[in-house]
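Here is the structure we will look at, set down as structure tokens.
Throughout, read-outs are computed from the coordinates displayed, never taken from laboratory work. From a predicted model like this one, the values you see are computed outputs, not experimental measurements. Because the Cβ atoms are built from the backbone with ideal geometry, glycine has one as well, and the counts that use them run over all protein chains shown.
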Amino acid sequence: MQKARIKDIVIAVTYNCNSRCQMCNIWQKTDNINALGKDELLNLPENLENINISGGEPFLRADLPELIKAIKARCPKAKVIISTNGFATETVLSQMEKILKIMPEIGVAVSLDGLDGKHDEIRGIPGGFEKATATLKGLQGVGMKNLRIGFTLGDYNTEELEKMYDFANQLGIQMTMAVVHSSENYFSKDNAIKNKEVILEKLDWLMKKELGMVQEFHEKFRVPVLDEPSLVPEDRSNNRYRLMRDEVEEYLKGAQGDDLENVAKELADILYSVYGTILEHGLQDLMPEIFEEVHRSNMSKDYHQYKMVKGPGYFRANIRRFFQP
Ligand code: SF4
């Protein structure tokens, strides 16, 4: 039997945390908070590709630069990103000064779950939004490129997604999004999503927002946009195929060249070309629901011997229903 290779891991370097988030009670843990040491890192698989340094709040470990040095020595090819709440601005900036000398390409993700008071309320820290924003700007100020805002979407901040999207654009920083979840390893709170309809609406909004930008491009450069779902002439479908294929090939070059900035740019280009194809086929209004249907079908698969299989609970995505009158 072929052995599974672990490529990506999350390392909680501490349980210590200076936040009081409503969706996590890791900060209530008081024993053995810094149990992980450099010696444990020597047991990491050497060929890891992606390592997320997490916590608690990783920057509260005074020896974080030493841990990064040990990770670099053990896993030289891994792309490393540190997730932080960004509340200890001075500590983050002084630690990063040392860390960037060890690993200049390292990334930092600062959590922001809403603007101003909303973020402070969710994270339980008065003035938390200002502190996290000061950290982001400070890291931008020292020329950090691999920087992002990490937004966690839950029932409690659905109204904040659009605002944070605009805020990230204003700062010129990319935003990544996760949906809140429960993890037995670190958190004991029940983070179930109760308002699924609203969450799906917000995800639709995000998809349509990007489609809208591509539509603007098509209109400016007179690329077809159809109002109704349709097949297109062969020369147009061949053209769309070439555009998508070229962007996928560019992505591969970026990934093989170990260039995260290029990878991010090419992924945006892939989305751009796929959204453009959706518009040329007039599928823009149906696509959020089709995507959701495909997602439901994918989630019905089973995991067996390191791969996804179509088990007894599997069902095919019913795409036909979207095209019936
Ligand atoms: S979610 Fe992160 S920042 Fe918030 S308490 Fe948990 S570990 Fe700390």
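In order along region 92-100, the phi-based Karplus estimate (6.51 cos²θ - 1.76 cosθ + 1.60, θ = phi - 60°) of 3J(HN,Hα) comes to 4, 5, 6, 5, 5, 4, 6, 5, 5 Hz; Gly and Pro are listed as x. Highest GNM mean-square fluctuation among LYS72, LYS38, LYS194, for the chain modelled with Cα contacts below 10 Å: LYS194.
Relative to the longest principal axis of the Cα atoms of the chain, the long axis of helix 128-141 makes an angle of roughly 80 degrees. When the convex hull of its Cα atoms is viewed from all sides, region 3-65 shows a mean projected area of 5.4 nm².
Counted residue by residue at 0.36 nm each, then reduced by the alpha carbon distance between them, the extension gain from PHE291 to GLU90 reaches 68.1 nm.
Residues whose amide H falls under 5 Å from that of VAL179, counting only those 5 or more places apart or on a different chain, are LEU153, with hydrogens built in the peptide plane. With θ taken as phi - 60° and the Karplus curve 6.51 cos²θ - 1.76 cosθ + 1.60 applied, the whole-hertz 3J(HN,Hα) list for region 238-245 is 5, 5, 5, 4, 4, 4, 5, 4 Hz, x standing for glycine and proline. In the elastic network of the chain, a GNM with C-alpha springs shorter than 10 Å, the most mobile of TYR15, TYR241, TYR272 is TYR241. In the chain, the DSSP-assigned H stretches of four residues or longer account for a calculated mean residue ellipticity at 222 nm of -14500 deg cm²/dmol, using -39500 (n - 2.57) per stretch and the full residue count as denominator.
By the gyration tensor of its Cα atoms, with a ≥ b ≥ c the square roots of the eigenvalues, what is the shape of region 157-306: rounded for a/c under 1.5, prolate for a/b over b/c, or oblate? Don't skip to the end; give the middle numbers.
Values: a/c = 1.56, a/b = 1.46, b/c = 1.06.
Verdict is prolate for region 157-306.
Against the chain, whose longest principal axis comes from its Cα atoms, helix 64-74 is set at around 60 degrees. Of all aspartates and glutamates in the structure, those lying under 19 Å Cα to Cα from LYS7, and not within fewer than 8 positions of it along the same chain, are GLU40, GLU46, GLU49, GLU105, ASP258, ASP259. In this Cβ point-charge picture (+1 for Lys and Arg, -1 for Asp and Glu), the chain has a dipole of about 940 debye about its Cα centre.
Relative contact order of region 207-323: what whole-number percent is it, with Cα pairs under 8 angstrom and at least 6 residues apart?
So the answer I get is 27 percent.
With the Cα gyration tensor of region 217-325 giving a ≥ b ≥ c as the square roots of its eigenvalues, does the rule (a/c under 1.5 for rounded; else a/b larger than b/c for prolate; else oblate) give rounded, prolate or oblate? It comes out oblate by the Cα gyration axes. Each residue of region 279-290 was assigned a 3J(HN,Hα) from its phi angle through the Karplus expression (A = 6.51, B = -1.76, C = 1.60, θ = phi - 60°), giving 5, 5, 8, x, 9, 4, 6, 7, 4, x, 6, 5 Hz with x at Gly and Pro.
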